[in-house]
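Enquirer: Can you keep this structure in mind? I'll have questions shortly.
None of the figures in this text is laboratory data; all of them are computed from the coordinates on show. Small disclaimer: the values here were computed from a predicted structure and weren't measured. Neighbour counts run over all protein chains shown; Cβ positions are idealised from the backbone, glycine included.
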Amino acid sequence: STSRKYLIAGNWKMNLNSAEGAELASQVVSMFGQQTDVSVCVCPTFTTLEAVSKVVNESNVQLGAQNMHYEASGAYTGEISAEMLRHLYCNFVILGHSERRQYFGETDETVNKKTLAALEANLKPIVCIGETLEEREAGKVSEVIKTQTEGALSGVTAAQAENLVIAYEPVWAIGTGKTATPEMAEEVHAEIRCLLAGLFDEDTAEKVRILYGGSMKPGNAAELLAQKNIDGGLIGGASLKANDFGGIVEAAV
Ligand code: PEP
């Protein structure tokens, strides 16, 4: 990842109210508020975004959301638009997380609509892809990765792709304590970069950050981040503790 700046993004999932989130964010800012070598981002719940936005404001810690709707506004009860996230100074939005695919009916088609809407609104999408254990055991990893990548990125231009982030998150490694070995992860990351080169071009593919996600911790981050095509991490459980999250950021510096 020579020319690509590492991105360490914390996915707080459905944890931390606005007071708790502000507290964790202030710990992250005290550690990494001046950090310029690595991009650091926290992704709170919608209701915690505004409080965290005020805390990270004027620091180098960036803000992301965990989901959004693809329409700009209107009769979509319960949904949040890209513009609403931009208004709170979000830079990133996680799209198509496996939990959203598994529990909330997210498909490659909805992820694609959201990806296009996010890019249009100047939000950097963190598009999540990854196989289940069943798919891995059936030898379908490449097929699943290709379908999900091409499905999510349909209609994205090469110019837009420079703002794109992909997160490879093998579903069997999320929240399970089971991490893909660095070699297993790198094999898939290299495949994803190859797919990006096919969709766009080599130069563009070299600029896209591909994060690994799945039980990343301070103890395994360095060896994962040392892989050629691993450009950062999407961190669930470990992002809720300032010291663990900090340890992973340190491994990227
Ligand atoms: C995630 O859900 O994005 C994730 C990587 O979770 P964990 O780090 O807890 O496995």
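Enquirer: Under 8 Å by Cβ, and 6 or more places apart or on different chains, what pairs join a residue from the stretch 73-91 that is within 18 Å of Val52 (Cα to Cα) and in contact (Cβ under 8 Å) with a residue 40 or more places away in the chain with one that is of a type in the set (S, T, N, Q) and surrounded by 15 or more Cβ atoms within 10 Å (Cβ to Cβ)?
Expert: Matching pairs, first to second residue: Cys90/Ser53; Asn91/Gln62.
Enquirer: Of all residues in the stretch 152-164, which are under 17 Å from the mean Cα position of the chain (by Cα) and in a helix (DSSP H, G or I)? Outline the logic, then answer.
Expert: From the stretch 152-164, those under 17 Å from the mean Cα position of the chain (by Cα) are 152-153, 160-164; that's our starting set.
Correct list: Ala152, Leu153, Gln160, Ala161.
Enquirer: Specify the residue that is farthest from Val93 (Cα to Cα); the eligible residues are those in the stretch 125-135 that are surrounded by 14 or more Cβ atoms within 10 Å (Cβ to Cβ) and within 16 Å of the ligand (Cβ to nearest atom). Please lay out each step first, then the result.
Expert: Filtering the stretch 125-135 for residues surrounded by 14 or more Cβ atoms within 10 Å (Cβ to Cβ) gives 125-132, 135.
Now narrow it down to the ones that are within 16 Å of the ligand (Cβ to nearest atom): 125-132.
Working: Pro125: 5, Ile126: 6, Val127: 8, Cys128: 11, Ile129: 14, Gly130: 17, Glu131: 21, Thr132: 23 Å.
Selected residue: Thr132.
Enquirer: Quick one: which of Ala190, Ala180 is of a type in the set (Gly, Ala, Ser) and either more than 15 Å from the ligand (Cβ to nearest atom) or surrounded by fewer than 16 Cβ atoms within 10 Å (Cβ to Cβ) (or both)? Break it down stepwise before answering.
Expert: Working: Ala180 fails: either more than 15 Å from the ligand (Cβ to nearest atom) or surrounded by fewer than 16 Cβ atoms within 10 Å (Cβ to Cβ) (or both).
Selected residue: Ala190, the only one of Ala190, Ala180 that is of a type in the set (Gly, Ala, Ser) and either more than 15 Å from the ligand (Cβ to nearest atom) or surrounded by fewer than 16 Cβ atoms within 10 Å (Cβ to Cβ) (or both).
Enquirer: Okay, moving on. Considering only residues of the stretch 163-177 that are under 16 Å from Phe92 (Cα atoms) and aliphatic (A, V, I, L, M), which is surrounded by the fewest Cβ atoms within 10 Å (Cβ to Cβ)?
Expert: Leu164
Enquirer: Among Ala167, Ala117, Ala185, Ala190, which is the only one that is among the hydrophobic types (A, V, I, L, M, F, W, C), in a helix (DSSP H, G or I) and touching a His at 6+ places or on another chain (Cβ under 9 Å)? Steps first, please.
Expert: Details: Ala167 fails: in a helix (DSSP H, G or I); Ala185 fails: touching a His at 6+ places or on another chain (Cβ under 9 Å); Ala190 fails: touching a His at 6+ places or on another chain (Cβ under 9 Å).
So the residue among Ala167, Ala117, Ala185, Ala190 that is among the hydrophobic types (A, V, I, L, M, F, W, C), in a helix (DSSP H, G or I) and touching a His at 6+ places or on another chain (Cβ under 9 Å) is Ala117.
Enquirer: As an exercise: evaluate Val38 against (1) within 22 Å of Val156 (Cβ to Cβ); (2) away from the ligand (no atom under 16 Å from the Cβ); (3) within 15 Å of the chain's Cα centre (by Cα) and give the number of the one condition it does not meet.
Expert: Checking Val38 against (1) within 22 Å of Val156 (Cβ to Cβ); (2) away from the ligand (no atom under 16 Å from the Cβ); (3) within 15 Å of the chain's Cα centre (by Cα), the one that fails is (1).
Enquirer: Further question on the same structure: Could you tell me which of the residues Glu143, Glu83, Glu131, Glu106 is under 28 Å from Leu195 (Cβ atoms) and in a helix (DSSP H, G or I)? Walk me through how you get there before you give the answer.
Expert: Working: Glu83 fails: under 28 Å from Leu195 (Cβ atoms); Glu131 fails: in a helix (DSSP H, G or I); Glu106 fails: in a helix (DSSP H, G or I).
Selected residue: Glu143, the only one of Glu143, Glu83, Glu131, Glu106 that is under 28 Å from Leu195 (Cβ atoms) and in a helix (DSSP H, G or I).
Enquirer: For Thr157, work out the one condition from (1) surrounded by fewer than 15 Cβ atoms within 10 Å (Cβ to Cβ); (2) touching a Phe, Trp or Tyr at 6+ places or on another chain (Cβ under 6 Å) it doesn't fulfil.
Expert: Result: Thr157 passes all but (2).
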